[in-house]
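The values are calculated or read from the model by the stated rules, or taken from the named source; none is laboratory data. In this text the structure is predicted, and so the values were computed from the model without any measurement. A quick note on method: Cβ atoms are made from the backbone with ideal geometry, for glycine too, and the neighbour counts reach across all protein chains shown.
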Ligand SMILES: Cc1cc2nc3c(=O)[nH]c(=O)nc-3n(C[C@H](O)[C@H](O)[C@H](O)COP(=O)(O)OP(=O)(O)OC[C@H]3O[C@@H](n4cnc5c(N)ncnc54)[C@H](O)[C@@H]3O)c2cc1C
């Protein structure tokens with residue numbers, strides 16, 4: 001375990017914003033992880049667990065604690081069950097699964113970050129989310145420094161949610177995630193954008209679907225492509241708000257017409273597209289505030305246009321949240337995690 005001091009964090013995030021970590025270490029094994037936590041505990045130092053930094057906004061002043069970057073590697077596959085170390089790149093795992101002919105994650109191609117980051121907010125896109133395939137998550141309990149294996153049912157998965165970002169936030173560190181995929185299974189074509197690509201094609205293969213998803217993402221600046229200014233983001237900056245049916249009816253009355261919406265699964269709750277709310281509140285793609293702004297190709301992605309600061313990013317967030325709330329009475333929630341604020 002090699003402890004570094006004052007390590008710049010901006011280059012370790014996709015937004016490229018923020019100051020340095022007072023202490024920094026890479027954990028390549030479970031033993032490193034335990035050592036790092038014991039080191040911090042002895043000194044009363046706060047810890048932050050970093051994956052690929054693709055869902056993270058770091059404060060300009062940095063973080064006065066220890067950042068532990070998850071670098072555990074390895075992948076084992078056995079009849080559709082993949083046991084993947086938390087530090088593996090997510091998209092590398094998707095490519096392997098698709099090549100092996102195993103269905104279940106093909107629509108999640110092109111999402112940046114690590115495998116260990118995926119259960120945290122139940123990563124999802126284009127009609128799939130990891131909750132559908134995660135079987136088990138191996139974790140370190142930060143309180144006891146013991147390892148446990150949590151079954152999917154214990155992870156509390158919901159839309160962009162799990163125990164890891166709600167009730168047990170900062171309690172567990174994922175060291176391995178097990179996914180149960182479907183060998184020889186058909187590709188998921190639930191999402192309209194994907195269906196459009198394959199109109200008239202009887203049964204597109206997994207690799208065709210994964211490639212199509214990557215292409216759709218590239219078009220929206222939601223794929224990390226060197227030189228693409230629109231991908232210096234943390235993906236979607238706002239969650240799609242979920243409204244109880246009474247609140248949705250009240251909003252419909254207020255607007256005089258139903259806003260676009262889709263079912264949030266049972267109980268009459270509906271999800272509103274945050275992008276529509278933002279656009280209707282007066283923010284167009286390409287909107288700029290100082291050195292940050294809204295992506296020119298995706299309303300939900302707030303981007304660093306180069307030299308942007310966390311302060312500017314938060315000012316833009318506050319402005320969007322305030323305008324949407326004033327117009328619709330709906331409060332948008334930020335999706336990326338913040339550090340050092
Ligand atoms: C261009 C772009 C497109 C994106 N598209 C999508 C999308 O379509 N769908 C989607 O859901 N997300 C999307 N994202 C967001 C992001 O890629 C995911 O949330 C990703 O899973 C985050 O993983 P990470 O390793 O980068 O986590 P980080 O950003 O490093 O960390 C995020 C949070 O997870 C915690 N964490 C990370 N690793 C672990 C671990 N091993 N154990 C415990 N906690 C951990 C951190 O402490 C932090 O709280 C996108 C981001 C970008 C930049």
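Things worth noting here:
- Residue check: residue 98 meets all listed conditions (1) touching a helix residue (DSSP H, G or I) at 6+ places or on another chain (Cβ under 8 Å); (2) in a strand (DSSP E or B); (3) away from the ligand (no atom under 11 Å from the Cβ) but one, namely (2).
- Residue list for the range 36-59, restricted to those being part of a helix (DSSP H, G or I) and out of contact with any strand residue (DSSP E or B) (no Cβ under 8 Å at 6 or more places or on another chain): 38, 41, 42, 43
- Residues in the range 235-266 that are surrounded by 17 or more Cβ atoms within 10 Å (Cβ to Cβ) and closer than 20 Å to residue 107 by Cβ: 235, 236, 239, 240, 264.
- The residue that is surrounded by the fewest Cβ atoms within 10 Å (Cβ to Cβ), among those in the range 84-95 that are in a helix (DSSP H, G or I) and in contact with a strand residue (DSSP E or B) (Cβ under 8 Å, 6 or more places away or on another chain), is 93.
- Screening residue 51 on (1) surrounded by fewer than 21 Cβ atoms within 10 Å (Cβ to Cβ); (2) outside the structural domain of residue 206 (by TED's automatic domain parsing) shows it passes everything except condition (1).
- Screening the candidates 214, 269 for the property of being touching a residue at least 12 places away in the same chain (Cβ under 8 Å) and either assigned by TED's automatic domain parsing to the domain that holds residue 331 or loosely packed, with under 13 Cβ neighbours inside 10 Å (or both) yields one hit, 269.
- Out of 171, 160, 136, sole residue that is touching a residue at least 40 places away in the same chain (Cβ under 8 Å) and more than 22 Å from residue 95 (Cα to Cα): 160
- Of residues in the range 69-81 being surrounded by 21 or more Cβ atoms within 10 Å (Cβ to Cβ) and not in a loop (DSSP other than H, G, I, E, B), the one nearest to the ligand (Cβ to nearest atom): 70
- Test result for residue 177, surrounded by 22 or more Cβ atoms within 10 Å (Cβ to Cβ) and more than 17 Å from residue 94 (Cβ to Cβ): no
This table checks each residue for (1) within 13 Å of the ligand (Cβ to nearest atom); (2) buried (at least 20 other Cβ atoms within 10 Å of the Cβ); (3) more than 20 Å from residue 229 (Cβ to Cβ).
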residue	(1), (2), (3)
293	no, yes, no
296	no, no, no
307	no, no, no
314	no, no, yes
338	yes, no, yes
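- In the range 158-173, residue nearest to residue 28 (Cα to Cα) [restricted to those that are within 7 Å of the ligand (Cβ to nearest atom) and in contact with a helix residue (DSSP H, G or I) (Cβ under 8 Å, 6 or more places away or on another chain)]: 173
- Residue ID - nearest to the ligand (Cβ to nearest atom), chosen from residues in the range 124-157 that are within 18 Å of residue 170 (Cα to Cα) and assigned to a loop (DSSP other than H, G, I, E, B): 142
Residues checked against (1) loosely packed, with under 15 Cβ neighbours inside 10 Å; (2) more than 16 Å from the ligand (Cβ to nearest atom); (3) in a strand (DSSP E or B):
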| position | (1), (2), (3) |
| --- | --- |
| 7 | no, no, yes |
| 17 | no, no, no |
| 61 | yes, yes, no |
| 67 | no, no, yes |
